[in-house]
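Some notes on the structure that comes next.
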Amino acid sequence: MNLNQRGFYEPEIIGTGLNDKICHICPGVTIQNRNQGKHLSIWGNVMQVSNAWAADGNIRRQSSSGGVTSALAIYLLESHQVDGILHVGVQGGTYLYNKLYVSRNSNEVLMRNASRYAPAEIFNHIFDIFESNRQETFAFIGKPCDIAGMQNLISAYPQYRHKVKYYLAIFCAGMPSYKATDKALATFNKNEQPQSLRYRGDGWPGYFTATYKDGTSCCMTYNESWGKILGRDLGFRCKICPDGIGLLADIASGDSWNTKNGYPDFTEADGKNFCFIRTDKGLKLFREAEEKGYIVTESLNANEIQYMQRYQYDRRHLVGWRIAAVQCLTGGILDYHGLGFYRTALKGNMARGIKDAIGTAKRLIKLRKDNGKQQ
(Lines give C-alpha, C1' and ligand atoms only; values in the text may rest on other atoms or scores of the structure.)
Protein backbone atom coordinates (compact mmCIF):
# COMPACT_ATOMS: atom_id res chain seq x y z
CA MET A 1 0.00 0.00 0.00
CA ASN A 2 1.42 3.37 -1.05
CA LEU A 3 0.29 6.93 -0.43
CA ASN A 4 -1.08 8.58 -3.54
CA GLN A 5 -1.03 12.29 -4.35
CA ARG A 6 -4.42 12.82 -2.71
CA GLY A 7 -3.19 11.46 0.64
CA PHE A 8 -4.89 8.04 0.53
CA TYR A 9 -3.30 4.58 0.58
CA GLU A 10 -3.82 2.56 -2.58
CA PRO A 11 -2.50 -0.85 -3.63
CA GLU A 12 0.46 -1.31 -5.92
CA ILE A 13 -0.02 -4.74 -7.47
CA ILE A 14 3.22 -6.32 -8.66
CA GLY A 15 2.77 -9.22 -11.09
CA THR A 16 -0.44 -11.16 -11.69
CA GLY A 17 -0.17 -14.30 -9.59
CA LEU A 18 -2.10 -12.98 -6.57
CA ASN A 19 -4.75 -10.84 -8.27
CA ASP A 20 -7.63 -13.19 -7.47
CA LYS A 21 -6.58 -13.55 -3.85
CA ILE A 22 -6.13 -9.80 -3.47
CA CYS A 23 -9.64 -9.18 -4.83
CA HIS A 24 -11.01 -11.82 -2.47
CA ILE A 25 -9.39 -10.14 0.54
CA CYS A 26 -9.78 -6.44 -0.31
CA PRO A 27 -12.90 -5.01 1.39
CA GLY A 28 -13.09 -2.41 -1.36
CA VAL A 29 -14.25 -5.23 -3.62
CA THR A 30 -15.43 -8.07 -1.36
CA ILE A 31 -17.57 -8.07 1.78
CA GLN A 32 -19.32 -11.21 3.01
CA ASN A 33 -21.61 -10.68 6.00
CA ARG A 34 -21.79 -13.78 8.17
CA ASN A 35 -23.87 -12.08 10.91
CA GLN A 36 -27.23 -12.79 9.37
CA GLY A 37 -30.11 -14.00 11.51
CA LYS A 38 -33.63 -13.41 12.69
CA HIS A 39 -32.90 -10.03 14.28
CA LEU A 40 -32.56 -8.18 10.98
CA SER A 41 -33.55 -4.51 10.80
CA ILE A 42 -32.34 -1.49 8.85
CA TRP A 43 -29.34 -1.67 11.19
CA GLY A 44 -28.56 -5.28 10.31
CA ASN A 45 -28.55 -8.17 12.73
CA VAL A 46 -29.08 -6.68 16.20
CA MET A 47 -29.60 -8.89 19.26
CA GLN A 48 -29.53 -5.99 21.70
CA VAL A 49 -29.11 -2.23 21.53
CA SER A 50 -27.96 -0.20 24.53
CA ASN A 51 -26.48 3.09 25.52
CA ALA A 52 -23.24 2.56 27.40
CA TRP A 53 -20.04 4.21 28.60
CA ALA A 54 -16.86 3.25 30.41
CA ALA A 55 -17.30 3.02 34.16
CA ASP A 56 -13.83 4.56 34.60
CA GLY A 57 -14.34 8.31 34.27
CA ASN A 58 -10.84 8.91 32.89
CA ILE A 59 -11.37 6.37 30.09
CA ARG A 60 -14.76 7.90 29.36
CA ARG A 61 -13.32 11.41 29.05
CA GLN A 62 -10.18 10.57 27.09
CA SER A 63 -12.02 8.42 24.56
CA SER A 64 -13.68 9.86 21.48
CA SER A 65 -17.14 9.14 22.82
CA GLY A 66 -18.14 6.95 25.75
CA GLY A 67 -15.05 4.73 25.90
CA VAL A 68 -17.01 1.47 25.65
CA THR A 69 -14.71 -0.14 23.08
CA SER A 70 -11.63 0.68 25.16
CA ALA A 71 -13.29 -0.66 28.30
CA LEU A 72 -14.26 -3.90 26.52
CA ALA A 73 -10.71 -4.29 25.23
CA ILE A 74 -9.26 -3.82 28.71
CA TYR A 75 -11.75 -6.30 30.15
CA LEU A 76 -10.76 -8.91 27.54
CA LEU A 77 -7.09 -8.47 28.47
CA GLU A 78 -7.58 -8.44 32.24
CA SER A 79 -9.90 -11.47 32.15
CA HIS A 80 -7.29 -13.28 30.01
CA GLN A 81 -9.74 -14.00 27.20
CA VAL A 82 -7.24 -12.64 24.66
CA ASP A 83 -3.51 -11.95 24.74
CA GLY A 84 -3.54 -8.71 22.79
CA ILE A 85 -5.67 -6.03 21.16
CA LEU A 86 -5.09 -5.26 17.49
CA HIS A 87 -5.93 -1.61 16.87
CA VAL A 88 -4.67 1.57 15.26
CA GLY A 89 -2.47 4.22 16.83
CA VAL A 90 -0.20 7.00 15.66
CA GLN A 91 3.23 5.91 14.43
CA GLY A 92 6.09 6.71 16.80
CA GLY A 93 7.97 9.88 15.96
CA THR A 94 5.07 11.36 13.97
CA TYR A 95 1.92 13.29 14.76
CA LEU A 96 0.07 12.23 11.61
CA TYR A 97 0.68 8.73 10.29
CA ASN A 98 -1.16 5.70 11.66
CA LYS A 99 -0.44 1.99 11.84
CA LEU A 100 -1.65 -1.22 13.51
CA TYR A 101 -0.38 -2.00 17.01
CA VAL A 102 -0.71 -4.88 19.45
CA SER A 103 -1.66 -3.59 22.92
CA ARG A 104 -1.17 -5.99 25.82
CA ASN A 105 -2.27 -3.95 28.84
CA SER A 106 -4.63 -1.14 29.75
CA ASN A 107 -1.97 1.58 29.46
CA GLU A 108 -1.19 0.59 25.88
CA VAL A 109 -4.88 0.42 24.99
CA LEU A 110 -5.42 3.95 26.31
CA MET A 111 -2.38 5.28 24.43
CA ARG A 112 -4.21 4.38 21.19
CA ASN A 113 -7.87 4.76 22.10
CA ALA A 114 -8.96 7.99 20.42
CA SER A 115 -10.20 8.40 16.84
CA ARG A 116 -7.67 8.96 14.07
CA TYR A 117 -9.45 10.60 11.14
CA ALA A 118 -6.79 9.68 8.60
CA PRO A 119 -5.69 6.51 6.75
CA ALA A 120 -3.78 3.73 8.49
CA GLU A 121 -1.45 0.91 7.53
CA ILE A 122 -3.30 -2.07 8.96
CA PHE A 123 -2.39 -5.22 7.05
CA ASN A 124 1.19 -4.45 6.03
CA HIS A 125 2.70 -6.59 8.81
CA ILE A 126 -0.25 -8.75 9.86
CA PHE A 127 1.47 -12.03 8.91
CA ASP A 128 4.51 -11.05 10.98
CA ILE A 129 2.24 -10.39 13.95
CA PHE A 130 0.44 -13.71 13.59
CA GLU A 131 3.60 -15.73 13.00
CA SER A 132 5.67 -14.19 15.79
CA ASN A 133 2.87 -14.77 18.31
CA ARG A 134 1.67 -18.19 17.23
CA GLN A 135 0.08 -19.21 20.52
CA GLU A 136 -1.62 -15.89 21.16
CA THR A 137 -5.15 -14.75 20.37
CA PHE A 138 -6.45 -11.25 19.76
CA ALA A 139 -9.43 -8.94 19.66
CA PHE A 140 -9.52 -6.63 16.66
CA ILE A 141 -10.85 -3.06 16.82
CA GLY A 142 -11.45 -1.36 13.50
CA LYS A 143 -13.66 0.46 11.08
CA PRO A 144 -16.26 -1.77 9.43
CA CYS A 145 -14.15 -2.11 6.25
CA ASP A 146 -11.12 -3.10 8.35
CA ILE A 147 -13.14 -5.86 9.97
CA ALA A 148 -14.30 -7.09 6.56
CA GLY A 149 -10.68 -7.10 5.39
CA MET A 150 -9.51 -9.07 8.42
CA GLN A 151 -12.27 -11.64 8.05
CA ASN A 152 -11.54 -11.95 4.32
CA LEU A 153 -7.85 -12.46 5.03
CA ILE A 154 -8.51 -15.19 7.56
CA SER A 155 -10.90 -16.84 5.10
CA ALA A 156 -8.09 -16.86 2.52
CA TYR A 157 -5.53 -18.08 5.08
CA PRO A 158 -7.51 -20.47 7.31
CA GLN A 159 -4.43 -21.40 9.35
CA TYR A 160 -5.09 -18.13 11.20
CA ARG A 161 -8.81 -18.75 11.81
CA HIS A 162 -8.36 -19.01 15.60
CA LYS A 163 -6.19 -15.90 15.96
CA VAL A 164 -8.94 -13.25 16.19
CA LYS A 165 -11.57 -14.13 18.79
CA TYR A 166 -13.54 -10.87 18.88
CA TYR A 167 -14.36 -8.13 16.39
CA LEU A 168 -15.25 -4.70 17.79
CA ALA A 169 -16.37 -2.13 15.22
CA ILE A 170 -16.49 1.63 15.35
CA PHE A 171 -19.15 3.43 13.30
CA CYS A 172 -17.56 5.23 10.37
CA ALA A 173 -18.82 8.02 8.10
CA GLY A 174 -15.76 7.80 5.84
CA MET A 175 -12.00 8.09 6.03
CA PRO A 176 -10.49 11.54 5.26
CA SER A 177 -7.14 11.80 3.50
CA TYR A 178 -3.92 12.94 5.12
CA LYS A 179 -4.29 16.07 2.99
CA ALA A 180 -7.50 16.85 4.87
CA THR A 181 -5.59 16.93 8.15
CA ASP A 182 -3.08 19.29 6.54
CA LYS A 183 -5.96 21.58 5.52
CA ALA A 184 -7.32 21.63 9.07
CA LEU A 185 -3.90 22.38 10.54
CA ALA A 186 -3.35 25.17 8.03
CA THR A 187 -6.24 27.10 9.59
CA PHE A 188 -4.08 27.60 12.70
CA ASN A 189 -1.56 29.66 10.65
CA LYS A 190 1.43 28.07 12.34
CA ASN A 191 4.77 27.81 10.54
CA GLU A 192 5.69 24.51 12.14
CA GLN A 193 4.36 20.99 12.42
CA PRO A 194 2.72 20.00 15.68
CA GLN A 195 4.35 17.65 18.14
CA SER A 196 1.07 15.83 18.68
CA LEU A 197 -2.44 15.85 17.26
CA ARG A 198 -5.73 14.77 18.77
CA TYR A 199 -8.75 14.57 16.49
CA ARG A 200 -11.28 14.10 19.28
CA GLY A 201 -11.60 13.08 22.91
CA ASP A 202 -10.74 14.82 26.20
CA GLY A 203 -14.45 15.57 26.24
CA TRP A 204 -17.36 14.66 23.99
CA PRO A 205 -17.11 15.13 21.14
CA GLY A 206 -13.88 16.89 22.08
CA TYR A 207 -11.75 19.26 20.05
CA PHE A 208 -9.39 18.85 17.13
CA THR A 209 -6.24 19.86 19.02
CA ALA A 210 -2.66 20.38 17.82
CA THR A 211 0.11 20.83 20.39
CA TYR A 212 3.36 22.46 19.37
CA LYS A 213 6.97 22.32 20.52
CA ASP A 214 6.67 25.40 22.73
CA GLY A 215 3.77 23.79 24.61
CA THR A 216 1.04 25.91 23.06
CA SER A 217 -2.08 24.33 21.59
CA CYS A 218 -4.55 25.30 18.88
CA CYS A 219 -7.98 23.75 18.59
CA MET A 220 -11.27 23.78 16.70
CA THR A 221 -14.63 22.20 17.42
CA TYR A 222 -15.73 18.82 16.06
CA ASN A 223 -18.30 20.55 13.88
CA GLU A 224 -15.58 22.78 12.40
CA SER A 225 -13.01 20.02 11.90
CA TRP A 226 -15.17 17.13 10.73
CA GLY A 227 -18.17 19.03 9.39
CA LYS A 228 -16.30 21.66 7.37
CA ILE A 229 -12.91 20.10 6.49
CA LEU A 230 -12.19 16.43 7.24
CA GLY A 231 -15.58 15.01 6.28
CA ARG A 232 -15.49 16.75 2.91
CA ASP A 233 -12.35 14.99 1.69
CA LEU A 234 -13.28 11.32 1.39
CA GLY A 235 -12.24 8.76 -1.20
CA PHE A 236 -14.65 7.32 -3.77
CA ARG A 237 -14.83 3.97 -1.96
CA CYS A 238 -16.23 5.74 1.11
CA LYS A 239 -18.94 7.31 -1.05
CA ILE A 240 -20.26 3.85 -1.96
CA CYS A 241 -19.53 2.17 1.38
CA PRO A 242 -22.12 -0.55 2.05
CA ASP A 243 -21.30 -0.79 5.76
CA GLY A 244 -20.54 2.13 8.03
CA ILE A 245 -22.25 0.47 11.01
CA GLY A 246 -20.18 -2.65 11.71
CA LEU A 247 -22.51 -5.31 10.31
CA LEU A 248 -19.77 -7.96 10.54
CA ALA A 249 -18.71 -7.25 14.13
CA ASP A 250 -19.59 -8.91 17.41
CA ILE A 251 -20.27 -5.45 18.87
CA ALA A 252 -20.50 -2.17 16.96
CA SER A 253 -20.60 1.20 18.69
CA GLY A 254 -21.12 4.80 17.70
CA ASP A 255 -21.81 8.20 19.20
CA SER A 256 -25.10 8.31 21.06
CA TRP A 257 -25.51 11.98 20.24
CA ASN A 258 -27.98 14.09 22.12
CA THR A 259 -30.44 15.46 19.59
CA LYS A 260 -31.79 18.95 19.03
CA ASN A 261 -34.65 19.63 16.61
CA GLY A 262 -34.24 16.11 15.24
CA TYR A 263 -30.51 16.43 14.53
CA PRO A 264 -27.34 15.57 16.49
CA ASP A 265 -26.28 18.19 19.02
CA PHE A 266 -22.49 18.52 19.30
CA THR A 267 -22.51 20.57 22.50
CA GLU A 268 -19.79 19.26 24.85
CA ALA A 269 -21.13 16.67 27.31
CA ASP A 270 -20.20 13.42 29.05
CA GLY A 271 -19.42 10.82 26.38
CA LYS A 272 -21.96 8.16 25.56
CA ASN A 273 -21.96 5.27 23.09
CA PHE A 274 -24.83 3.33 21.69
CA CYS A 275 -23.93 -0.29 21.05
CA PHE A 276 -25.31 -2.83 18.63
CA ILE A 277 -24.65 -6.32 19.99
CA ARG A 278 -24.77 -8.55 16.93
CA THR A 279 -23.66 -12.04 17.99
CA ASP A 280 -24.06 -14.44 20.91
CA LYS A 281 -20.37 -14.03 21.65
CA GLY A 282 -20.73 -10.26 21.66
CA LEU A 283 -23.75 -10.41 23.97
CA LYS A 284 -21.87 -12.59 26.45
CA LEU A 285 -18.90 -10.19 26.43
CA PHE A 286 -21.10 -7.12 26.85
CA ARG A 287 -22.97 -8.58 29.81
CA GLU A 288 -19.80 -9.81 31.50
CA ALA A 289 -18.14 -6.39 31.16
CA GLU A 290 -21.19 -4.77 32.72
CA GLU A 291 -21.33 -7.29 35.58
CA LYS A 292 -17.63 -6.85 36.31
CA GLY A 293 -17.96 -3.07 36.45
CA TYR A 294 -16.08 -2.13 33.28
CA ILE A 295 -19.04 -0.48 31.54
CA VAL A 296 -22.28 1.19 32.57
CA THR A 297 -25.38 0.67 30.44
CA GLU A 298 -28.85 2.10 30.04
CA SER A 299 -31.80 1.16 27.89
CA LEU A 300 -32.19 2.70 24.46
CA ASN A 301 -35.06 2.59 21.99
CA ALA A 302 -33.59 1.55 18.64
CA ASN A 303 -35.97 3.96 16.87
CA GLU A 304 -34.06 6.89 18.39
CA ILE A 305 -30.89 5.99 16.49
CA GLN A 306 -32.21 7.32 13.20
CA TYR A 307 -32.12 10.81 14.76
CA MET A 308 -28.77 10.60 16.54
CA GLN A 309 -27.17 8.95 13.49
CA ARG A 310 -29.07 10.61 10.65
CA TYR A 311 -26.19 10.28 8.18
CA GLN A 312 -25.95 6.50 8.68
CA TYR A 313 -29.73 6.12 8.53
CA ASP A 314 -29.95 7.98 5.23
CA ARG A 315 -26.95 6.15 3.80
CA ARG A 316 -28.53 2.79 4.53
CA HIS A 317 -31.41 3.84 2.27
CA LEU A 318 -29.26 5.33 -0.50
CA VAL A 319 -26.14 3.20 -0.82
CA GLY A 320 -27.89 0.46 -2.79
CA TRP A 321 -28.54 2.97 -5.56
CA ARG A 322 -24.91 4.06 -5.56
CA ILE A 323 -23.66 0.48 -5.70
CA ALA A 324 -26.06 -0.33 -8.53
CA ALA A 325 -24.51 2.50 -10.57
CA VAL A 326 -21.00 1.13 -9.96
CA GLN A 327 -22.04 -2.39 -10.87
CA CYS A 328 -23.54 -1.19 -14.16
CA LEU A 329 -20.40 0.74 -15.14
CA THR A 330 -17.91 -1.96 -14.09
CA GLY A 331 -19.67 -5.12 -15.15
CA GLY A 332 -20.35 -6.12 -11.55
CA ILE A 333 -16.90 -5.70 -9.95
CA LEU A 334 -18.26 -5.51 -6.39
CA ASP A 335 -18.84 -8.76 -4.48
CA TYR A 336 -20.99 -7.63 -1.55
CA HIS A 337 -23.32 -10.14 0.11
CA GLY A 338 -25.57 -10.19 3.15
CA LEU A 339 -25.53 -6.43 3.73
CA GLY A 340 -29.18 -5.69 2.93
CA PHE A 341 -28.56 -2.49 0.99
CA TYR A 342 -30.87 -3.31 -1.93
CA ARG A 343 -33.70 -4.17 0.47
CA THR A 344 -33.29 -0.88 2.35
CA ALA A 345 -32.93 1.08 -0.92
CA LEU A 346 -36.41 0.00 -1.95
CA LYS A 347 -37.79 1.38 1.32
CA GLY A 348 -36.28 4.83 0.81
CA ASN A 349 -37.02 7.82 -1.40
CA MET A 350 -36.76 6.56 -4.99
CA ALA A 351 -36.28 10.00 -6.55
CA ARG A 352 -33.39 10.76 -4.22
CA GLY A 353 -31.96 7.29 -4.85
CA ILE A 354 -31.96 7.78 -8.62
CA LYS A 355 -30.30 11.18 -8.16
CA ASP A 356 -27.59 9.53 -6.01
CA ALA A 357 -27.06 6.81 -8.63
CA ILE A 358 -26.55 9.40 -11.36
CA GLY A 359 -24.16 11.38 -9.16
CA THR A 360 -22.17 8.24 -8.39
CA ALA A 361 -21.90 7.37 -12.07
CA LYS A 362 -20.57 10.86 -12.83
CA ARG A 363 -17.97 10.60 -10.03
CA LEU A 364 -16.77 7.21 -11.23
CA ILE A 365 -16.44 8.38 -14.84
CA LYS A 366 -14.46 11.44 -13.69
CA LEU A 367 -12.27 9.30 -11.43
CA ARG A 368 -11.40 7.00 -14.33
CA LYS A 369 -10.52 9.95 -16.54
CA ASP A 370 -8.32 11.51 -13.83
CA ASN A 371 -6.53 8.19 -13.23
CA GLY A 372 -5.96 7.83 -16.96
CA LYS A 373 -4.35 11.28 -17.10
CA GLN A 374 -2.01 10.45 -14.17
CA GLN A 375 -0.86 7.25 -15.89
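The values are calculated or read from the model by the stated rules, or taken from the named source; none is laboratory data. In this text the structure is predicted, and so the values were computed from the model without any measurement. For neighbour counting, all protein chains shown are included, and Cβ atoms are generated from backbone atoms with ideal geometry for every residue, glycine included.
One table, with the values for the structure above:
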{"quantity": "Sole residue being of a type outside the set (Phe, Trp, Tyr), under 23 Å from Leu248 (Cα atoms) and touching a Pro at 6+ places or on another chain (Cβ under 9 Å), chosen from Ile42, Ile31", "calculated": "Ile31"}
{"quantity": "Of residues in the stretch 90-132 being over 26 Å from His80 (Cβ atoms) and aromatic (Phe, Trp, Tyr), the one modelled with the lowest pLDDT", "calculated": "Phe123"}
{"quantity": "Count - residues of the stretch 121-144 that are touching a helix residue (DSSP H, G or I) at 6+ places or on another chain (Cβ under 8 Å) and either closer than 27 Å to Asn223 by Cβ or assigned to a loop (DSSP other than H, G, I, E, B) (or both)", "calculated": "4"}
{"quantity": "Among residues of the stretch 79-125, those that are of a type in the set (A, V, I, L, M) and surrounded by fewer than 19 Cβ atoms within 10 Å (Cβ to Cβ), counted", "calculated": "3"}
{"quantity": "Index of the failed condition, Ala184 passing every other in (1) modelled with pLDDT under 95; (2) over 20 Å from the mean Cα position of the chain (by Cα); (3) surrounded by 20 or more Cβ atoms within 10 Å (Cβ to Cβ)", "calculated": "(1)"}
{"quantity": "Leading residue by the ranking (nearest to Lys239 (Cα to Cα)) among those in the stretch 33-65 that are in contact with a Leu (Cβ under 8 Å, 6 or more places away or on another chain) and part of a strand (DSSP E or B)", "calculated": "Gly44"}
{"quantity": "Residues that are part of a strand (DSSP E or B) and either hydrophobic (A, V, I, L, M, F, W, C) or at pLDDT below 95 (or both), drawn from the stretch 153-181", "calculated": "Val164, Leu168, Ala169, Ile170"}
{"quantity": "Any hit, the stretch 174-188, residues being touching a residue at least 24 places away in the same chain (Cβ under 8 Å) and within 27 Å of Arg34 (Cβ to Cβ)", "calculated": "yes"}
{"quantity": "Selected residue (only one of Cys238, Cys218, Cys275 is in contact (Cβ under 8 Å) with a residue 12 or more places away in the chain, in contact with a Gly (Cβ under 6 Å, 6 or more places away or on another chain), not in a loop (DSSP other than H, G, I, E, B) and not basic (Lys, Arg))", "calculated": "Cys238"}
{"quantity": "Residues satisfying the stated conditions in the stretch 222-267, i.e. farther than 16 Å from Tyr117 by Cα and of a type in the set (Ser, Thr, Tyr)", "calculated": "Ser253, Ser256, Thr259, Tyr263, Thr267"}
{"quantity": "Matching residues, the stretch 282-330, being at pLDDT 95 or above, outside any helix (DSSP H, G or I) and among the small types (Gly, Ala, Ser)", "calculated": "Gly293"}
{"quantity": "Failed condition for Thr344, given (1) over 19 Å from the mean Cα position of the chain (by Cα); (2) under 15 Å from Phe274 (Cβ atoms); (3) surrounded by fewer than 21 Cβ atoms within 10 Å (Cβ to Cβ)", "calculated": "(2)"}
{"quantity": "Within the stretch 331-353, tally of residues that are within 18 Å of Phe236 (Cα to Cα) and outside any strand (DSSP E or B)", "calculated": "6"}
{"quantity": "Which numbered condition Glu224 misses (of (1) among the acidic types (Asp, Glu); (2) out of contact with any strand residue (DSSP E or B) (no Cβ under 7 Å at 6 or more places or on another chain); (3) buried (at least 22 other Cβ atoms within 10 Å of the Cβ))", "calculated": "(3)"}
